[in-house]
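J.: Below is a structure I'd like to ask you about.
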Amino acid sequence: MADTILILNGPNLNMLGKRQPDLYGDETLNDVARLCAEAASAFDCGVEMRQSNFEGQLVDWIQDARESAVGIVINPGAYSHTSIAILDALHMFEGPVVEVHVSNIHARESFRHHSYVSKRADAIIIGCGVQGYGFAVQRVGALLKK
Ligand code: CA2
């Protein structure tokens, strides 16, 4: 079975493509899943796409990834700016972790400028729209040296 990259999405990202297209674009999470699968196929990996509005669920999935995934691409949404629990879970994951933000968080409110997750991320992709997920998957591939 192909190695799996876990693509994790935090709160409200299920609304991608359905609201605020000026800020987040018009592509849905399903479109993002297709984009990521295409990027991962270039280095013989598959992807598993997940989204939750619940912090503990995201923590559980990150813990599970220790057994089931070779890398993680994560857009923690608003939990980026608040969640030490997600940071702690990512510290227990040994593979590459790439953080994605669809919007340019540094051009937005000051409370979005800091991300706890960035402390663990091997790379951070910000403000590239949903295309950033594809870049993130490519970077995971490079870090896996595939
Ligand atoms: O820019 C990003 O990707 C964010 O992680 C998105 C989060 C926000 O809290 C972060 O500061 C930056 C919000 C996700 C909300 O997603 C929506 C998508 C479409 C419509 C409404 C919300």
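J.: Applying the selection to region 1-48, what residues are at positive phi and polar (S, T, N, Q)?
T.: Answer for region 1-48, where residues must be at positive phi and polar (S, T, N, Q): Asn12, Gln20.
J.: Step by step: first the residues of region 1-26, then only those that are surrounded by 17 or more Cβ atoms within 10 Å (Cβ to Cβ) and small (Gly, Ala, Ser), then the one that is nearest to Val73 (Cα to Cα). Which residue is that?
T.: Checking each candidate, the answer is Gly10.
J.: Check off (1) within 16 Å of the ligand (Cβ to nearest atom); (2) over 27 Å from Ala85 (Cα atoms); (3) touching an Asp or Glu at 6+ places or on another chain (Cβ under 9 Å) for Cys45 and give me the number that stays unchecked.
T.: (1)
J.: Would region 63-81 turn up any residue that is surrounded by 21 or more Cβ atoms within 10 Å (Cβ to Cβ) and of a type in the set (S, T, N, Q)?
T.: Within region 63-81, one or more residues are surrounded by 21 or more Cβ atoms within 10 Å (Cβ to Cβ) and of a type in the set (S, T, N, Q).
J.: Still on this structure, please answer the following. Between residues in region 1-19 that are among the polar types (S, T, N, Q) and residues that are part of a helix (DSSP H, G or I) and surrounded by 15 or more Cβ atoms within 10 Å (Cβ to Cβ), which pairs lie under 6 Å by C-beta distance while being six or more apart or on different chains?
T.: Between residues of region 1-19 that are among the polar types (S, T, N, Q) and residues that are part of a helix (DSSP H, G or I) and surrounded by 15 or more Cβ atoms within 10 Å (Cβ to Cβ), the close pairs are Asn12/Gly77.
We did not get these values from a lab; they are worked out from the coordinates using the rules stated. This structure is a prediction, so every number in the text was calculated from the model and none was measured. We place every Cβ from the backbone using ideal geometry, glycine too, and count neighbours over all the protein chains shown.
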